[in-house]
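The values are calculated or read from the model by the stated rules, or taken from the named source; none is laboratory data. None of these values were measured; they are calculated from a predicted model. Counting neighbours? That spans all protein chains shown, and the Cβs are built from the backbone with ideal geometry, glycine included.
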Amino acid sequence: MKAKISTVGGDIAAYNLWALYSSQQRSINQYSKGFTLLELLVVMAIVALVITAIPPLFTAATGTAELKGATHQLAVGLRFVRSQAIARNQSAVMLLDVEKRRYRLSGVPREYRLPAQLDLKLFAAKSEFLNPTSGAIRFFPDGSSTGGKITVTRGDRAYEIEVNWLTGQVSIHG
């Protein structure tokens with residue numbers, strides 16, 4: 001006797017296998033649409049590392065920009081005072097208080113402040129010092145000056161503003 005394969009039973013068995021396979025595929029597809037917990041934890045760890053590593057870079061850049069800005073601000077003030085001395089045909093001064101990080105310009109009622117994180121040093125003619133922490137650089141009507149140097153420092157970075165006594169020319173070095 002030969003065994004007969006029933007097509008009806010075979011069709012049902014094939015259908016049952018197909019239903020089982022497609023239900024497993026649906027459940028796999030449902031989970032494959034998202035991320036695993038492990039993947040999320042790895043990404044969060046990487047983001048945390050980046051967040052902690054980047055702020056010091058901005059702080060360093062901000063400090064350098066602050067130092068350059070203050071140096072240029074002082075140099076512009078000195079050039080302004082020199083131009084005022086020449087234009088008004090009378091002496092003009094920049095008064096600098098290195099301890100309080102403030103300065104004043106002749107003919108300008110406003111007092112200018114520099115960032116507290118900066119250190120200042122003033123090298124000027126002895127006659128131009130008002131006290132141990134305050135002094136001036138004076139410009140004359142012919143453009144010359146008493147000369148001097150202002151050093152602006154933040155950490156290990158420094159700029160020098162030099163005023164030539166003969167020409168009154170203001171230059172930045174650093």
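General observations
Residues checked against (1) modelled with pLDDT under 95; (2) surrounded by 12 or more Cβ atoms within 10 Å (Cβ to Cβ); (3) in a helix (DSSP H, G or I):
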residue: 31; (1), (2), (3): yes, no, yes
residue: 44; (1), (2), (3): yes, no, yes
residue: 58; (1), (2), (3): yes, no, yes
residue: 61; (1), (2), (3): yes, no, yes
residue: 65; (1), (2), (3): yes, no, yes
residue: 82; (1), (2), (3): no, yes, yes
residue: 108; (1), (2), (3): yes, yes, no
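- Flag for residue 100 being under 20 Å from residue 155 (Cα atoms), under 24 Å from the mean Cα position of the chain (by Cα), part of a loop (DSSP other than H, G, I, E, B) and free of Cβ contacts under 8 Å to residues at least 40 places away in the same chain: yes
- Residue list for region 139-153, filter: touching a Gly at 6+ places or on another chain (Cβ under 9 Å) and crowded, with 20+ Cβ neighbours inside 10 Å: 139, 145, 148, 152
One line per residue, one yes/no per condition, for (1) closer than 20 Å to residue 67 by Cα; (2) not β-branched (Val, Ile, Thr); (3) not in a strand (DSSP E or B):
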position	(1), (2), (3)
112	yes, yes, no
122	yes, yes, no
136	no, yes, no
142	no, yes, yes
159	yes, yes, no
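- If only residues of region 61-83 that are without any contact (Cβ under 8 Å) to a residue 24 or more places away in the chain and among the polar types (S, T, N, Q) are counted, the one that is farthest from residue 148 (Cα to Cα) is 62.
- Whenever a residue of region 106-119 is of a type outside the set (Val, Ile, Thr), its partners that are in a loop (DSSP other than H, G, I, E, B), lying with C-beta atoms within less than 6 angstrom and at least six residues away or across chains, give the pairs 114/101.
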